[in-house]
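The structure appears right after this line, and notes come after that.
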Amino acid sequence: MSACFDEMKGHDGGVRPPYDELARWLKEVPPDVLDYRRREAELLFRRIGITFAVYGEADSTERLIPFDVIPRIISGNEWRLLEKGLTQRVKALNMFIKDIYGAREILRAGVIPDDLIFRNPAFRPEMSGQSVPHDIYVHIAGIDIVRVDADTFYVLEDNARTPSGVSYMLENREIMMRLFPELFSRHRIAPVENYPDELLATLKSVAPLTAGSDPNVALLTPGVFNSAYYEHSFLADKLGVELVEGRDLLVKNEIVYMRTTQGLKRVDVIYRRIDDDFIDPLTFRPDSILGLPGLMSAYQAGNVTLANAVGTGIADDKAVYSYMPAVVKFYLDEEPILKNVPTWRCREPEHLAYVLDHLPELVVKEVHGSGGYGMLIGPTASKIAIEQFRAKLKTAPTNFIAQPTLALSTCPTCVEAGVAPRHVDLRPFVLSGSDRTRIVPGGLTRVALKEGSLVVNSSQGGGTKDTWVLDG
Amino acid sequence: MLSRTADNLYWLSRYVERAEYLARILDATQRLSSMPLAYVGTSNEWESAVLTAGCATAFFKIYDEANEENVTDFLAFSTANSSSIRSCFEMARSNARAVRTALTMEMWDQINGTWLELQRYGNGPTSREELSRFLRWVQESSLRFDGSAYRTMLRNDAYWFSRLGVYIERADNTARILDVKYHLLLPDNERVGGPLDYFQWAAILRSVSALTAYHWVYRDSLKPWLVADLLILKEELPRSLASCYEAIVRNLDAISGAYGRQGPAQRQARAVRTRLQNSRMDGIFQRGLHEFISEFITETNSLGGAITEQFLI
């Protein structure tokens, strides 16, 4: 761990240029001021109601994600590289999903094995041969990025289903501006507040051709009990669109309507925050009461756009992820700008053998897993845990991939004992419209608050930071 | 707007208004019950409080007799009572959470702040001082919420539906006080009891925050028929039946103006308002105060139903 790269101090302990001002400021500011502001921030979060729910914990239905008041800084040059890489990757993702549900050229070319797609639970046969408006599938992508040194960024995961966290990106900035106006006056920081406008423009650009000139967009939420409900209501508010639940909608003659105080109103674009499984009980899980019966028929008739499209989960699969460099090359004939973390696919015998031999030094993840659940972090796991995992791995190797334990970069963070380095990752949000790709500079930085911990997920005690992309 | 959003806004306002009303009843009852018997007679004020709150059936399912302790608990803190102050604030907040997008930041801040603060009161205050503070806090919370809605909401259908909730609830509450206490308000010759009732009249006025207003309107000492006149017919008094219906009609008119069509709710509300405008107290006494009020309560319930039917589902 000692060898890991600190984004403020680099490897050698000097101060890297983007952090000049911040380092100076950190030296000036009395420790109790930081602590006081931290508590003030927490109060603000609670008052605004920026909470999330952790499933399976009855007594704490609404919790705060810890917020760290020290920002994470990315230079303009670093960001330009990330932006190019993200645009390239999401473009390839969209072409890949269109191909998988269409001509399947990538399978015929033997780049990806058939069974990885067809036997994948995230693959939706209902989408085969089905076109979607403007050929865009992943309208909103959250690409998780980690950094290991001054020049190397890796993509850790692609979230092409319903990535969340953007409300924290926006609220963190608002709160930082309230708490540290003097710090903002000492930096030139690219704004993120235009994200809702960019998102709305993206969603309107992908309306079906049958929609009018001003398409009606709605945000579909599973409801107040969903862990990300705050974000859903927050976004609907900023977008100025109705926040609907399944019961607010109905389908008549393959057209989706919402029930309003003035009768039925047609809905053209649905930004849905419900998983495929629950979206239409007539097509998918019949026991779902969250979705809208008949939605898929309207979708297949081309009368409504779903963002993201049905079936994009295939790209979230971690075994599919391992082929992304090849996917980029196949569709764009370009070298991938953002690297993948080297990945062993346990479905392949040689890979499995290697993984089984090196468990104590690897991170092993479930291919369909998310949220940091069900993974093994070799270097910190007990012997017993490793042996238990070995047994799981042998029974169902196709369910797992393994990666080296990365020395994730660290950022200065407020902890009990003052300011100390903690590991971080970054989730930028990439918007794909029919007109262009939009990325607001920055994203959500998640930080593992426990010393040495590499797990940044909020469900596992991770916190968040404001992410500053410096202008120029 | 979404029917469900309108519904949530409407109920959010109703619950906040109801919480304030319950706090006023408890406040007035506490005053009455702490007076020497020689001034207020021997009636059980706590039972009367349960009746005015409109939850007698639920109350007597649990308790045999009404006293300060169990009524205060039931009306203010009980989770078993779906209309206690606590339950009202809980439901107001969950309605607010479901329609955050339709609330202004200030409104959310108020209702969420109230809800957070409510947790601090736990299972209820341990002393009368603390209870008084609690009741005052409930009224202030309602005022702050109402004020934030009034000062920050866009004047569109969301605002009108939230106002409708306030006035329907308020009309219902004032009518309930009248329904329970009507016998105290009958003209002199019909009344049994005599000057003992003076403090009862004051308590009635206090529960609709109209004690000072009374003196400004009539410049007279408390007379039961004037108390009735103030609470039923005086449009100047914000909690009178007439004033509530003036506001209900105004908000329904605004909605139908914006939507470009009229409906049954508006027609019903107008009919009640016209009758209130054309009534005089002596006429109401002649036909029977109790009958008048019972009919009013039924009509207001039916108007609530019509609003739901027409807009909220």
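The values are calculated or read from the model by the stated rules, or taken from the named source; none is laboratory data. Keep in mind the model is a prediction, meaning the values are calculated, not measured. When we count neighbours, we look across all protein chains shown, and the Cβ atoms used for this are built from the backbone with ideal geometry, even at glycine.
Of everything in the stretch B:114-140 that is surrounded by 16 or more Cβ atoms within 10 Å (Cβ to Cβ) and within 13 Å of chain A (Cβ to nearest Cβ), the residue that is nearest to A:Gly223 (Cα to Cα) is B:Trp115.
Which of the residues spanning the stretch A:138-181 are among the charged types (D, E, K, R) and either part of a loop (DSSP other than H, G, I, E, B) or in contact (Cβ under 8 Å) with a residue 60 or more places away in the chain (or both)?
Listed by number, the residues that qualify are A:Asp144, A:Arg147, A:Asp149, A:Asp151, A:Glu157, A:Asp158, A:Arg161, A:Glu171, A:Arg173, A:Arg178.
Does A:Arg427 qualify as being touching a Gly at 6+ places or on another chain (Cβ under 8 Å) and modelled with pLDDT of 90 or more? It is true that A:Arg427 is touching a Gly at 6+ places or on another chain (Cβ under 8 Å) and modelled with pLDDT of 90 or more. Within the stretch A:198-219, restricting attention to residues that are in contact (Cβ under 8 Å) with a residue 60 or more places away in the chain and either of a type in the set (Val, Ile, Thr) or within 14 Å of another protein chain (Cβ to nearest Cβ) (or both), the residue that is farthest from A:Arg63 (Cα to Cα) is A:Thr210. Check whether at least one residue in the stretch B:55-70 is outside any loop (DSSP other than H, G, I, E, B), away from chain A (no Cβ under 14 Å), touching a Leu at 6+ places or on another chain (Cβ under 8 Å) and under 17 Å from B:Asp172 (Cα atoms), and report yes or no. Within the stretch B:55-70, not a single residue is outside any loop (DSSP other than H, G, I, E, B), away from chain A (no Cβ under 14 Å), touching a Leu at 6+ places or on another chain (Cβ under 8 Å) and under 17 Å from B:Asp172 (Cα atoms). Among the residues of the stretch A:365-402, those identified as in a loop (DSSP other than H, G, I, E, B), free of Cβ contacts under 8 Å to residues at least 24 places away in the same chain and either charged (D, E, K, R) or surrounded by 15 or more Cβ atoms within 10 Å (Cβ to Cβ) (or both) are A:Gly374, A:Met375, A:Ala381. Residues that are in contact (Cβ under 8 Å) with a residue 12 or more places away in the chain and closer than 22 Å to A:Asp149 by Cβ were ranked within the stretch A:10-41; the one that is surrounded by the most Cβ atoms within 10 Å (Cβ to Cβ) is A:Tyr19.
Taking first residues from the stretch A:229-256 that are within 8 Å of chain B (Cβ to nearest Cβ) and under 11 Å from A:Ser167 (Cα atoms) and partners that are in a helix (DSSP H, G or I) and aliphatic (A, V, I, L, M), the Cβ contacts under 8 Å between residues at least 6 apart in sequence or on separate chains come to A:Phe234/A:Leu170.
Filtered by the rule that a residue be out of contact with any Lys or Arg (no Cβ under 6 Å at 6 or more places or on another chain), on the phi < 0 side of the Ramachandran plot and part of a loop (DSSP other than H, G, I, E, B), the stretch A:323-337 gives A:Tyr323, A:Glu334, A:Glu335, A:Pro336. For beta carbons closer than 6 Å, sequence separation of 6+ or different chains, a first residue in the stretch A:403-419 that is within 14 Å of A:Leu22 (Cα to Cα) and a second that is modelled with pLDDT of 90 or more and not hydrophobic (A, V, I, L, M, F, W, C), the qualifying pairs are A:Cys411/A:Glu7; A:Cys411/A:Arg72; A:Thr413/A:Asp68; A:Thr413/A:Arg422; A:Cys414/A:Asp68; A:Val419/A:Pro412. Residue pairs whose Cβ atoms lie under 6 Å apart, sitting 6 or more positions apart in sequence or on different chains, and linking a residue in the stretch B:301-313 that is closer than 20 Å to A:Val244 by Cα to a partner that is surrounded by 13 or more Cβ atoms within 10 Å (Cβ to Cβ), are B:Gln310/B:Gly263; B:Gln310/B:Ala265; B:Phe311/A:Thr261; B:Phe311/B:Ala6; B:Leu312/B:Ser3; B:Leu312/B:Ala6; B:Leu312/B:Asp7; B:Ile313/B:Ser3.
Of the residues that make up the stretch B:200-215, is at least one assigned to a helix (DSSP H, G or I), in contact with a Phe, Trp or Tyr (Cβ under 7 Å, 6 or more places away or on another chain) and within 14 Å of chain A (Cβ to nearest Cβ)? Within the stretch B:200-215, none of the residues are assigned to a helix (DSSP H, G or I), in contact with a Phe, Trp or Tyr (Cβ under 7 Å, 6 or more places away or on another chain) and within 14 Å of chain A (Cβ to nearest Cβ). Restricting the stretch A:257-278 to residues that are among the charged types (D, E, K, R) and buried (at least 19 other Cβ atoms within 10 Å of the Cβ) leaves a set whose member that is farthest from the other protein chains (Cβ to nearest Cβ) is A:Asp276. Set side by side, the residues A:Leu116, A:Leu64, A:Leu26, A:Leu93 differ, and just one is at pLDDT 90 or above and farther than 30 Å from A:Val132 by Cβ, which is A:Leu26.
Is there a residue being touching a Gly at 6+ places or on another chain (Cβ under 7 Å), crowded, with 22+ Cβ neighbours inside 10 Å, over 30 Å from A:Arg266 (Cβ atoms) and aliphatic (A, V, I, L, M) anywhere in the stretch B:74-85? Within the stretch B:74-85, one or more residues are touching a Gly at 6+ places or on another chain (Cβ under 7 Å), crowded, with 22+ Cβ neighbours inside 10 Å, over 30 Å from A:Arg266 (Cβ atoms) and aliphatic (A, V, I, L, M). If you scan the stretch A:378-436, which residues turn out to be in contact with an Asp or Glu (Cβ under 7 Å, 6 or more places away or on another chain) and of a type in the set (Lys, Arg)? If the condition is that a residue be in contact with an Asp or Glu (Cβ under 7 Å, 6 or more places away or on another chain) and of a type in the set (Lys, Arg), then A:Arg427 is the only one that fits. For the structure I just gave you, tell me whether B:Ser162 is more than 14 Å from every other protein chain (Cβ to nearest Cβ), among the hydroxyl-bearing types (Ser, Thr, Tyr) and within 19 Å of the chain's Cα centre (by Cα). Taking the combined requirement at face value, the residue does not satisfy it. Does at least one position in the stretch A:101-123 carry a residue that is touching a strand residue (DSSP E or B) at 6+ places or on another chain (Cβ under 7 Å) and closer than 30 Å to A:Arg285 by Cα? There is no residue in the stretch A:101-123 that is touching a strand residue (DSSP E or B) at 6+ places or on another chain (Cβ under 7 Å) and closer than 30 Å to A:Arg285 by Cα. Tell me whether the stretch B:131-152 contains one or more residues that are part of a loop (DSSP other than H, G, I, E, B) and on the phi < 0 side of the Ramachandran plot. No - not one qualifying residue is present in the stretch B:131-152.
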